[in-house]
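Read-outs: derived from the displayed coordinates by stated rules, not from any lab. Here the structure is a predicted model, which is why all the values come from computation and not from measurement. All Cβ positions, even for glycine, are placed from backbone atoms using ideal geometry, and neighbour counts span all protein chains on display.
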2 protein chains.
Amino acid sequence: MRFGIQGTGMVGKAIATKLVALGHEVKLGSREADNAEAAAWVKSAGRGASQGTFADTATFGEMVFVCLRGDVSLSVVKSVAAKLKGKIVVDVSNPLDVSKGMPFPLLASLVNTNSLGEETQKLLPESSVVKTLNTVNCEVMVNPSLVKGESDIFISGNDPGAKKKVIEVLRSFGWKNPIDLGDITTARGTEMLMPIWMRLYGLLGTPHFNFRIVK
Amino acid sequence: MRFGIQGTGMVGKAIATKLVALGHEVKLGSREADNAEAAAWVKSAGRGASQGTFADTATFGEMVFVCLRGDVSLSVVKSVAAKLKGKIVVDVSNPLDVSKGMPFPLLASLVNTNSLGEETQKLLPESSVVKTLNTVNCEVMVNPSLVKGESDIFISGNDPGAKKKVIEVLRSFGWKNPIDLGDITTARGTEMLMPIWMRLYGLLGTPHFNFRIVK
């Protein structure tokens, strides 16, 4: 399958590397077609890896992951919206306000009664936006066994068919039973896990932890 | 030990009942000294149980639990602030905006860059406010074994000595290893678990579930 990954940060590269390792064709997108981070990744990732602009990447992918800083994510999505029509867009970004001190709060306009997932869906009325993976560190995203014992990953989105396809990808990453929380408004709940996640990160001294829902 | 419990709702009564069962003296506080809910509770709870106004209850308790609706909690705390001087105040309330539709968002002024825990501490500069138990259903609060397998309870507060005493109470409820997240600002993280908690409640069909942190 052809995947587009928007963003050359830790998250984008971790997901892109895993997808290449699973045998997929993956284009890593950034502002410039010759972005140095992306070029280095293409060289190391090997067969199936390529790079391009955000627009190239949106065109290339059958499924497109958005792995951008929360404060730039929406403007990038908007700029390539036409190229994402009819596609599944997986929003992995968190709306952290990095202009504030640590631990970062969420962006005031994207919390509690709104979310980045919802705003992404609003910008892409002809795409199926699925929010997932945003509640764990990027190494755990693509290797859940870094966390001892089973733990949970959540998924939110309006289109059941799209969620089914994303769940197949999550399973290929090692997530056995993703929890489907419901429509895209449920992304509020997962994005709002960030504040306790950041505190637990400080406390546990490792980003390799996760939430498990027990009943 | 003498406990004051502010609030005659499900949460207040669950905690009050457990404390009486553990052999403590417990006064259940409400607006009126002869509140009918509280009177019925006193009758059923037996030896050690009493009722009173919010003021009576603040005076009575060596440790005082606040188990009120998020939108009235601060005004009640403010009204009895003088009587809480030098005491440990355990804030169990969540700042849910019940004027909105389900699932309730949090109150706009008490989320993300603020919390009910912090505002409670600001109103009580001479008390030690500890936030805990607000992330689970009231039956689970006082009986963690309702959730199969181990799960976690969090604690936030500025005063390590006060947290130590509250942890003893939590242990007597059955919580083996409460997670001390840090100062009272960490209450933001636990209060912001409410949105995903409400979605999981709908999904799982039972309030008897909890978060476990695995690493």
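Figures for the structure shown
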| item | result |
| --- | --- |
| Difference of contour (0.36 nm per residue) and Cα-Cα distance, B:ALA40 to B:GLU62 | 5.6 nm |
| Estimated dipole of the protein assembly as shown in Debye, rounded to 20 [Cβ of Lys and Arg +1, of Asp and Glu -1, Cα centre] | 680 |
| Proxy reagent accessibility, fewest Cβ within 10 Å first, across B:HIS208, B:HIS24 | B:HIS208, B:HIS24 |
| Nearest-first distances (nm) between copies at A:ARG47, label 7 Å from Cα via Cβ | 7.9 |
| Set of lysines with alpha-carbon distance to A:LYS87 below 28 Å, sequence-local pairs under 8 removed | A:LYS13, A:LYS18, A:LYS27, A:LYS43, A:LYS78, A:LYS122, A:LYS131, A:LYS163, A:LYS164, A:LYS165, A:LYS176 |
| Label-to-label distance, nm, for residues given as A:GLU168 and A:ASP71 (7 Å Cα→Cβ offset) | 3.9 |
| Extreme residue, positive dipole direction of the range B:2-204, given options B:VAL42, B:VAL11, B:ILE167 (C-beta unit charges) | B:VAL42 |
| Three-way shape label, the range B:2-204, alpha-carbon gyration tensor, a/c 1.5 | rounded |
| Under 9 Å, Cβ to Cβ, from A:ARG2 - net charge with Lys/Arg +1 and Asp/Glu -1 | -1 |
| Pseudo-label separations to other copies for B:ARG31 - Cα-to-Cβ vector, 7 Å, nm | 5.7 |
| Sparse-neighbourhood loop sites, GluC sites (Glu not before Pro) in the range A:108-215 - DSSP loop, at most 11 other Cβ within 10 angstrom | A:GLU126 |
| The range A:47-132: trypsin sites (Lys or Arg not before Pro) in DSSP coil with no more than 14 other Cβ atoms inside 10 Å | A:ARG47, A:LYS85, A:LYS100 |
| Computed over the range B:2-204: relative contact order in percent, which uses C-alpha pairs under 8 Å that are six or more apart | 18 |
| Sparsely packed chymotrypsin sites (Phe, Trp or Tyr not before Pro) within the range B:2-81, loop by DSSP, other Cβ within 10 Å at most 14 | none |
| Listed residue (A:GLY117, A:VAL89, A:PHE60) projecting farthest to the positive dipole end of the range A:29-130, Cβ model | A:PHE60 |
| Helix-only [θ]222 nm of chain A, DSSP H runs n ≥ 4, -39500 (n - 2.57) each, per residue, nearest 500 | -10500 deg cm²/dmol |
| Across the identical copies, how the B:GLU126 labels are spaced - nm, sorted shortest first, 7 Å along Cα→Cβ | 6.8 |
| Distance from the range A:35-98 to the range B:110-164 (C-alpha centre basis), Å | 40 |
| Cα gyration tensor, the range B:106-191 - rounded (a/c under 1.5), prolate or oblate | oblate |
| Descending principal axes extents, the protein assembly as shown, alpha-carbon based, whole Å | 74, 36, 35 |
| Cut-off 15 Å between beta-carbons: net charge of the residues surrounding B:ILE213, Lys and Arg +1, Asp and Glu -1 | +1 |
